[in-house]
1. Using only the Cα atoms, what convex hull volume per residue in Å³ does the stretch 84-138 have?
2. Would you list Val153, Val114, Val5 from the most to the least accessible area, probe 1.4 Å?
3. Provide the descending list of Cα extents for the stretch 57-110 along its principal axes, expressed in whole angstroms.
4. For Arg132 and Thr96, FRET efficiency with R0 = 22 Å and r from the beta-carbon atoms, rounded to 0.05?
Amino acid sequence: MEKVVSRGLLTAYLAILVWLVLFKFSFNIPSILDHHKRSLNVIPFAAPSIVNGGTNFGEIAYNCIFFIPFGVLLNINFKGVRFLPKLASILVFSLTAELTQFIFAIGATDITDVITNTVGGFLGLHLYCFGRAYINDEKLNRVVIAIGTLLLVVFLAMIATHFGPFRSRGIR
């Protein structure tokens with residue numbers, strides 16, 4: 001049962017991550033696809049990370065934070081896979097998302113995003129390994145799955161109340 005839930009969490013997380021990275025949590029996907037905004041930045045930590053002459057550390061931090069669960073969930077679900085292939089899968093996922101944005105002109109393609117997303121996944125991989133040093137695998141997996149499930153339920157509740165039927169009627 002634990003394996004099914006952890007695989008479900010990984011699948012749900014990846015779906016949410018794709019929705020975030022490609023569609024910015026929008027339900028109006030056709031409008032995003034019709035936007036045709038294509039930009040490419042291959043200089044790390046340059047624009048659009050630069051805002052009003054200063055570095056936008058918030059965007060950099062969010063990119064790292066949003067990818068930490070990816071590393072943790074990969075460790076739970078693929079224990080037999082070594083560190084580097086897991087890190088490579090995070091890098092490939094991020095690179096694929098950025099290239100998809102460029103190909104379909106649905107956002108800004110930025111090498112900084114690839115770097116910070118991969119760093120976030122790297123931190124998640126190491127965070128899980130750090131936890132294993134102090135907590136046995138079974139207990140750590142249960143804690144991560146419980147927290148992940150709780151966060152998923154909270155996220156879905158937020159989406160349901162923000163975009164759901166109560167929002168259109170003005171009921172909160």
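The values are calculated or read from the model by the stated rules, or taken from the named source; none is laboratory data. Keep in mind that what you see is a predicted model, and the values were worked out from it rather than measured. Methodologically, a virtual Cβ is constructed for each residue, glycine included, from the backbone with ideal geometry; neighbour enumeration extends over all protein chains shown. Just so you know, the surface numbers come from the protein's heavy atoms only, side chains and all, with ligands and any DNA or RNA stripped out. Shrake-Rupley method; radii C 1.70, N 1.55, O 1.52, S 1.80 Å.
1. So the per-residue hull volume is 83 Å³.
2. The ordering from most to least exposed comes out as Val153, Val5, Val114.
3. Projected onto the principal axes, the Cα atoms of the stretch 57-110 cover 37, 25, 15 Å.
4. Values: r = 29 Å, r/R0 = 1.31.
Plugging the Cβ-Cβ distance into 1/(1 + (r/R0)^6) gives 0.15.
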